[in-house]
Amino acid sequence: MTEILRLENLTRVFNQPNGAFGKPRQMTAVRDVSLSVNKGDVVGIVGESGCGKSTLARLILRLVEPTSGRVFHDGTDITQLSHRALQAARKNMSMVFQDPYSSLDPRYTVADCLAEPYVVQGAKVPEGRIDTLLSQVGLSRAMAQSYPHQLSGGQRQRVGIARSIALSPNLLILDEPTASLDVSIQAQIVSLLKDLQDAMGLTYIFISHDLGLVRYFCNRIVVMYLGAVVEEIPHPDCPPQHPYTATLMASTFAPDPKLRKELVALEGEIPSPFNLPRGCAFVGRCPRASERCKFEQPVLALGPSGQPVACFNPIGA
C-alpha cells in the first residue's frame, strides 16, 4: 500500500496568558501523535468532545502550527514548507468542516464558493467546472446563483463537499461533516462520500464522536483521549483492548434490541487539560487501573490482540 500521510510525534501546546492569579498556563491539545495513513484508507478519529480531534485535523493541514512533530503528505514534510510552497501543496488536500452554516461565506453565491479554491491558487476556473462539481454532489446546476441562506443544511454541506474536491485533492479531512444534520440527511451525505471516494480514489480522515457511524464508514479507527492516541483498531469489528474504547463501544446504540448492551457509565471526572495526571490520563476513570498507572505514562505498543494500545492492563491480557 502507498502511504499518503504520516504524522510523527505531532504535538500542539496552547498558552493561556491569564490563568489563576494571573499566572500563565499551558494546555496540550494534541500529545505526541504518530499515525500512518495509506492511499484509499478511511481512518476514523473518535473520542469525547475536547479530546483534540479537530485540533489534530487543523494540524494536518497546518491551519494550526504544531509545537513539535512533523506531517508528511505524499512524502513531503509540510511542516517545513514556506507559505507559498504550502499553498501549492494544499491543492492535494482539503477539509470539510462540521458546520455548513458558518463554513460558507453568506455574501458569496454557490458559484463563488466553488470558484474560491481556484482564486486562492491564482488559477482560472475551467469552463463548465462549476456545473460538474454541482452534479458530482447531487445538486442542480440552477443552484449556482443561489446564496447559502437559500439552501437547506444538507444542500450547504454538499456545497462544502463540492468546494473541497474542486482542485481534485487526494486527501480529504472530514471534521464531523454530519454532526449538525438530521439523521436522514446524514445517511445521504455518507453515501455521497462513499460514491466520491470510489469515483476519485480519495483518502479520508473522518473525525466524529459517533462511534456507530465511524464503525460503519471507516476501515480503521483511531481513539483519542485528552490529546493522545490510546488505541488503533485495524478493523471496525476488532474487539477493543483499551478500557476507554470498550466503554465508548458499549455506549453505541444498536437498532436491533438483541444486539443492545447495557450502557456503561464512566465514573470520575475528566482531568483538566491544564493539569494532567502524572501517569495515565485515564487513571481516575479506569476500572482496570493499577498503582503503576498513577505514576507512569503508557505508550502506544502492540497489545495482546496485536493492535496498538496505550495501556498497562489492556483487555484480554
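Since every read-out is calculated from the coordinates, none of them should be taken as a lab result. Bear in mind that the values here come from a model prediction, so they are computed numbers and not experimental data. Positions of Cβ are backbone-derived with ideal geometry, glycine not excepted, and every protein chain shown enters the neighbour counts.
Between 0 and 90 degrees, the angle of helix 110-120 with respect to the longest Cα principal axis of the chain falls at about 80 degrees. Remark: C-alpha extents of segment 71-184 on the principal axes read 41, 34, 23 Å, sorted largest to smallest. Our estimate of slack between residue 39 and residue 74, defined as 0.36 nm per intervening residue step minus the Cα-Cα distance, is 11.6 nm. Highest-first packing order for the peptide set 51-60, 119-128, 142-151 is 51-60, 142-151, 119-128, based on the mean count of other beta carbon atoms within 10 Å. Computed from the Cβ-Cβ distance with R0 of 30 Å, the FRET efficiency linking residue 8 to residue 238 stands at 0.75.
The alpha-carbon positions of the chain define a convex hull whose volume is 159 Å³ per residue.
Taking 20 Å as the straight-line reach from the Cα of residue 294, the aspartates and glutamates in range (excluding those fewer than 8 positions away in the same chain) are 32, 231, 267, 269.
Each residue in 173, 4 was given a count of other beta-carbon atoms within 10 angstrom of its own, and listing them fewest first yields 4, 173. Between helix 183-200 and the chain, what is the angle of the helix's C-alpha long axis to the longest principal axis, kept within 0 to 90° and rounded to the nearest 10? Approximately 70 degrees, to the nearest ten. Against the chain, whose longest principal axis comes from its Cα atoms, helix 153-164 is set at around 80 degrees.
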